[in-house]
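First up is the structure itself, then whatever we jot down about it.
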């Protein structure tokens, strides 16, 4: 990999957005260079079964799906590298990115670095993630038909997840560390009126119980007021305490919103810097689906092709 040879486009990130952008850019003969980052394949690589991606009626595992994306991009000439970009400079063209002390230059950039679900940070959570613990009700709610599930959180994300899960689960319990929700009034009203939703107030999850073979069986909860602990049985738990976009290295270089998501043009995927584009969860905090990220990756690649033609 020759670092100083100027590229047409460098893609940062390798989830559905980044690799779809790579497929389209490669087919346009732009010879994209993809830096796959700390989590090659993105958040889908920690998702066991993907059943809602079009074209896979029997479902597919997240890692398998992302391997197919990568293989397709490489087939058309995309160069994919398992390395992370540590620094970027968008102040002049060509744009520059650094991997360690190696510098790479490009006429355009597609940022597809994604977002990371905020987690509780428990060892048992890491062990059972994908085995009864999830961070996406839209992705995994279907697996909990007629089961008891917990939703951890108290903001709009948690309330939305809880309401969505009532379509499948027999019981939905929200675990919230305070005695009132932080979410909007309309969402609070909907949750409080729903017959399937109940709340563990003033509670935090201390431990997840179960095994990777048998899945999640329950949690140990602590009362934030009394300090007492108790065990509660459940079939699934959804962590809904928010997402953090992976934009730290772009702060001060392109426009970010209050939550640090990249702001793009309403008409296309261009950022506040001409020639720098963004797609997927790094700029989409509303949908956060593999299929929408892939669609935006396609859009970004087409935007880059048109930008370079000009």
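The values are calculated or read from the model by the stated rules, or taken from the named source; none is laboratory data. In this text the structure is predicted, and so the values were computed from the model without any measurement. Counting neighbours? That spans all protein chains shown, and the Cβs are built from the backbone with ideal geometry, glycine included.
Worth a mention:
- Enumeration of residues in the stretch 1-37 that are at pLDDT 85 or above, under 18 Å from residue 308 (Cα atoms), out of contact with any strand residue (DSSP E or B) (no Cβ under 7 Å at 6 or more places or on another chain) and in a loop (DSSP other than H, G, I, E, B): 28, 29
- Residue ID - nearest to residue 157 (Cα to Cα), chosen from residues in the stretch 175-192 that are in a helix (DSSP H, G or I), in contact (Cβ under 8 Å) with a residue 12 or more places away in the chain and out of contact with any strand residue (DSSP E or B) (no Cβ under 7 Å at 6 or more places or on another chain): 187
- Within the stretch 195-235, tally of residues that are assigned to a strand (DSSP E or B) and either outside the structural domain of residue 150 (by TED's automatic domain parsing) or farther than 18 Å from residue 130 by Cα (or both): 15
- When 167, 147 are checked against the criterion of being surrounded by fewer than 17 Cβ atoms within 10 Å (Cβ to Cβ), more than 24 Å from the chain's Cα centre (by Cα) and modelled with pLDDT of 95 or more, 147 stands alone in meeting it.
- If you go through the stretch 116-138 and keep only what is part of a loop (DSSP other than H, G, I, E, B) and touching a residue at least 12 places away in the same chain (Cβ under 8 Å), you end up with 118, 119, 120, 122, 130, 131, 132, 135, 136.
- Residues in the stretch 258-310 that are over 19 Å from the mean Cα position of the chain (by Cα) and outside any helix (DSSP H, G or I): 265, 266, 267, 268, 270, 271, 272, 273, 274, 275, 276, 310.
- The set of residues from the stretch 173-191 being within 14 Å of residue 239 (Cβ to Cβ) and in contact with a helix residue (DSSP H, G or I) (Cβ under 6 Å, 6 or more places away or on another chain) comprises just one member, 174.
- Picking from residues in the stretch 40-61 that are without any contact (Cβ under 8 Å) to a residue 40 or more places away in the chain and over 14 Å from residue 17 (Cα atoms), the one that is surrounded by the fewest Cβ atoms within 10 Å (Cβ to Cβ) is 58.
- Residue count for the stretch 139-168 under the criterion of being without any contact (Cβ under 8 Å) to a residue 40 or more places away in the chain and part of a loop (DSSP other than H, G, I, E, B): the result is 6.
- Checklist (1) touching a strand residue (DSSP E or B) at 6+ places or on another chain (Cβ under 6 Å); (2) at pLDDT 95 or above; (3) in the same structural domain as residue 126 (by TED's automatic domain parsing) applied to residue 161, failing item: (2)
- Residue check, residue 113 modelled with pLDDT of 95 or more, surrounded by 19 or more Cβ atoms within 10 Å (Cβ to Cβ) and either part of a loop (DSSP other than H, G, I, E, B) or on the phi > 0 side of the Ramachandran plot (or both): yes
- Cβ-Cβ under 6 Å pairs, at least 6 apart or on other chains, the stretch 21-39 side under 9 Å from residue 8 (Cβ atoms), far side in a loop (DSSP other than H, G, I, E, B): 25/32; 31/77; 32/78
- Residue within the stretch 38-52 that is touching a strand residue (DSSP E or B) at 6+ places or on another chain (Cβ under 9 Å) and modelled with pLDDT of 90 or more present: no
- Only a single item in (1) in contact (Cβ under 8 Å) with a residue 60 or more places away in the chain; (2) crowded, with 19+ Cβ neighbours inside 10 Å; (3) touching a helix residue (DSSP H, G or I) at 6+ places or on another chain (Cβ under 8 Å); (4) farther than 30 Å from residue 282 by Cβ is not met by residue 236, and it is number (4).
- Filter result (closer than 29 Å to residue 172 by Cβ and modelled with pLDDT of 95 or more) within the stretch 246-280: 261, 280
- None of 276, 291 is surrounded by 19 or more Cβ atoms within 10 Å (Cβ to Cβ) and out of contact with any helix residue (DSSP H, G or I) (no Cβ under 7 Å at 6 or more places or on another chain) except 276.
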